[in-house]
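For reference, the structure is listed below as structure tokens.
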Amino acid sequence: MEVGGLTTSSEKLERIRSDFPILGKTINGHELAYLDNAATAQKPRSVLDRINEYYTSENANVHRGVHTLSQTATETYEAARNRIATFLGASSPREIVFTRGTTEAINLVASSMGVSGIGQGDEIVVSEMEHHSNIVPWQLLCERTGATMRVVPVSEAGELEYDEYQASLNERTRLVALVHVSNSLGSINPVRRIISDAHSLDIPVLLDGAQATPHMRVNVSEIDVDFYCVSSHKMFGPTGFGVLYGKEALLEALPPYQGGGDMIEEVDFAGTTFNELPHKFEAGTPHIAGAIGFAAAIDYLESVGFDWISEQESDLLTYATGRLRDIEGLRIVGEAKQKASVISFLLGNSHPYDVGTVLDKMGIAVRTGHHCTQPLMKRYGIPGTVRASLAFYNTRGEIDRLVSGLKKASSLFS
Amino acid sequence: MIASNTIAEKAAQLVDEFSIFDDWMDRYQYLIDLGKELPAIDDDYRSDDYKIRGCQSQVWLQPIPQNDSISFKADSDAQITKGLIAVLLRVFNGQPAREVASADLSFLDDLELKEHLSPTRKNGLDSMLKQIRMYAAAIAAKSTSTL
């Protein structure tokens, strides 16, 4: 029954909210309405407990000791890698390289590709909606190698100009590096088509998945992507941890990224041989608690269920979009047909900084500014936006508070 | 005469004015209104050379030296930032440069506005304040050396 269904859903929402201790916090005298999930997501108690337990009773360095604690830590750490590999649909844990985050994952590929995979006259395809972390590493690579970047434009609605994308691919293209879901606009790019079009010309594709994986299940084998970059902290896991998925043959072909302990097989001043995948890319003591905490976050997300997550978020997005559109003078920036639960907007002529400051006074956390996508802001001719980014634990009530906060801001800045 | 008021006296006046508002909305409204009353910056100064970049909002600052004293005109693209500029300039303008260079800004605590001057806010105000003090220190140094 409809009513029964709703009750169940709202009960589930209530239970889920109680999994996140920070959501009960008071900010500036108001209950926190956390609408800045695209910047970082909050952590459920199970993740916090798992990290605490690791440091309390399991901590030891991995891949190094013969002692029991080190053996156990290594097993737990590698079990996390298996968990992540299965979750992402990788063929083997050898394809899962641990990094500090999405940014480092992209930098790893850019840096290692620069050694031999690219040269003068070669091209890398990116788009106008990239985060700076999927622009600057390629710019640096181009400066080092004499390669150039081709930038695919974005339509007024915030969608990739697909014809332009196709036209940008040619025999000099060495890599397509695109965002899966735009952090500023929420646009979901048609990645299957993007990948199959690139592959028809034997061009590998790297996707920045930082904003996709918190909202949807991504299976790297199904979409046949070559490199996929993931952030733990945006997926309700710890900060400072992320994953580079890479097809085994491609990772094998890339030279190491950083040098140090753990990434070697044998070191001699005459020369060093390197460890196998994925350890060849993981120099130094890794973020062990990060890996274990991230695996716990994945367990949590699966227990909530991606079907429920997408149902909940799509309801919130529709509700929020409708309510925001009703505010006089409010302009939504980015109205792609396929959108994740991210809404960027401008309130009349008010500066995003002013709007964000007033909302903060009412306990509502949003992001303001250019969202590390300055070229995209330039494309729209705006200095920045206010961005509300929603997670499955947000409520319609919080959207209502956002709306009334914006009305107050409107009256202040009129 | 206003100019004869010291920085501390002007700060006390502001604290007094703000104290009639017990609601943050009213305090912000007043702040925004103060910003709207700021005299416009001269066109030549609304350029990149005089722009203080903040990640969130921008500030333009025009120094106006007057013998041993200093005044400023300033502008911002954000209204709250502009209001804070108005508050700072009310206290600083027309004051002896050496006093501006070393002024005590603890009155902002009483206005409950100090958070806005934090460098983490990235609104350009923290950098503007540094720039104001630098201009003031330069004028103070010059007037000392020509004594």
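Values for this structure:
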quantity: Residues A:Ser411 and B:Ile64, FRET efficiency given R0 of 35 Å [Cβ-Cβ distance, rounded to 0.05]; calculated: 0.50
quantity: Length added when fully stretched, A:Thr8-A:His67, from 0.36 nm per residue minus Cα-Cα; calculated: 16.3 nm
quantity: Neighbour count of at most 15 Cβ within 10 Å plus DSSP loop: longest GluC sites (Glu not before Pro)-free window in chain B; calculated: B:38-111
quantity: Stretch gain in nm, segment B:Ser19-B:Lys122, where the contour uses 0.36 nm per residue and the Cα spacing is subtracted; calculated: 34.4 nm
quantity: Relative contact order, percent, chain A [alpha-carbon distance under 8 Å, six or more residues apart]; calculated: 22 percent
quantity: At most 14 other Cβ within 10 Å, DSSP loop - trypsin sites (Lys or Arg not before Pro), segment A:325-390; calculated: A:Lys337
quantity: Prolate/oblate/rounded label for segment A:1-129 (Cα gyration tensor, a/c 1.5); calculated: oblate
quantity: Amide H within-cut-off set for A:Gly158, under 5 Å, with H built and near neighbours excluded; calculated: A:Glu335
quantity: Amide H within-cut-off set for A:Arg367, under 5 Å, with H built and near neighbours excluded; calculated: A:Arg387, A:Ser389
quantity: Burial order of peptide ranges A:79-87, A:139-147, A:287-295 (average beta-carbon count within 10 Å, highest first); calculated: A:287-295, A:79-87, A:139-147
quantity: Shielding by partners - mean other protein chain Cβ count within 10 Å, residues of B:17-26; calculated: 1
quantity: Hits among lysines - C-alpha to C-alpha of A:Lys407 under 16 Å, sequence gap 8 or more where chains match; calculated: A:Lys361
quantity: Selection of GluC sites (Glu not before Pro), segment A:227-321, meeting DSSP coil and at most 16 other Cβ within 10 Å; calculated: A:Glu276
quantity: Sequence-distant residues sharing a close amide H with A:Gly242 (under 5 Å, placed H); calculated: A:Thr99, A:Arg100, A:Gly101, A:Ser232
quantity: Sum of -39500 (n - 2.57) over DSSP H runs of 4+, divided by residues of chain A (222 nm, nearest 500); calculated: -13000 deg cm²/dmol
quantity: Other protein chain Cβ atoms within 10 Å, averaged over every residue that makes up A:353-366; calculated: 4
quantity: Segment A:328-404: GluC sites (Glu not before Pro) falling in loop per DSSP and having at most 14 other Cβ within 10 Å; calculated: A:Glu328
quantity: Stokes-Einstein D (µm²/s) once Rh is taken as the Kirkwood radius of segment A:152-254 over alpha-carbon pairs, at 25 °C in 0.890 mPa s; calculated: 170 µm²/s
quantity: Rg/Rh for segment B:2-145, where both radii come from Cα atoms and Rh is the Kirkwood radius; calculated: 0.95
quantity: Unit charges at the beta carbon, dipole of segment A:298-414: most positive-side option, A:Tyr380, A:Tyr319, A:Ala391; calculated: A:Tyr380
quantity: 11 Å beta-carbon shell around B:Val91, net charge (K/R +1, D/E -1); calculated: -1
quantity: Peptide-level mean, for B:56-66, of C-beta atoms on other protein chains within 10 Å; calculated: 2
quantity: Virtual spin-label span in nm between A:Leu140 and A:Ser116, 7 Å along Cα→Cβ; calculated: 2.2 nm
quantity: Counted charge near A:Met129, where neighbours are those whose Cβ lies closer than 13 Å (Asp, Glu -1; Lys, Arg +1); calculated: -4
quantity: Whether chain A is rounded, prolate or oblate, judged on the alpha carbon gyration tensor where a/c under 1.5 counts as rounded; calculated: oblate
quantity: Rounded, prolate or oblate (a/c below 1.5 giving rounded, otherwise prolate when a/b exceeds b/c) for segment A:95-187 by Cα gyration tensor; calculated: oblate
quantity: Nitroxide proxy distance, nm - points 7 Å out along Cα→Cβ at A:Asn219 and B:Lys130; calculated: 5.3 nm
quantity: Projected label distance in nm at A:Asp49 and A:Asp163, using a 7 Å step from Cα toward the beta-carbon; calculated: 5.6 nm
quantity: Over segment A:118-162: Kirkwood hydrodynamic radius from C-alpha pairwise inverse distances, Å; calculated: 11.1 Å
quantity: 222 nm mean residue ellipticity, helices alone, for chain B (DSSP H n ≥ 4; -39,500 (n - 2.57); rounded to 500); calculated: -14500 deg cm²/dmol
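Readers should treat all values here as calculations from the given coordinates under stated rules, not as data from a laboratory. Predicted, not measured: the structure shown is a model, and the values here were computed from it. Glycine gets a Cβ as well: all are built from the backbone with ideal geometry, and neighbour counts include every protein chain shown.
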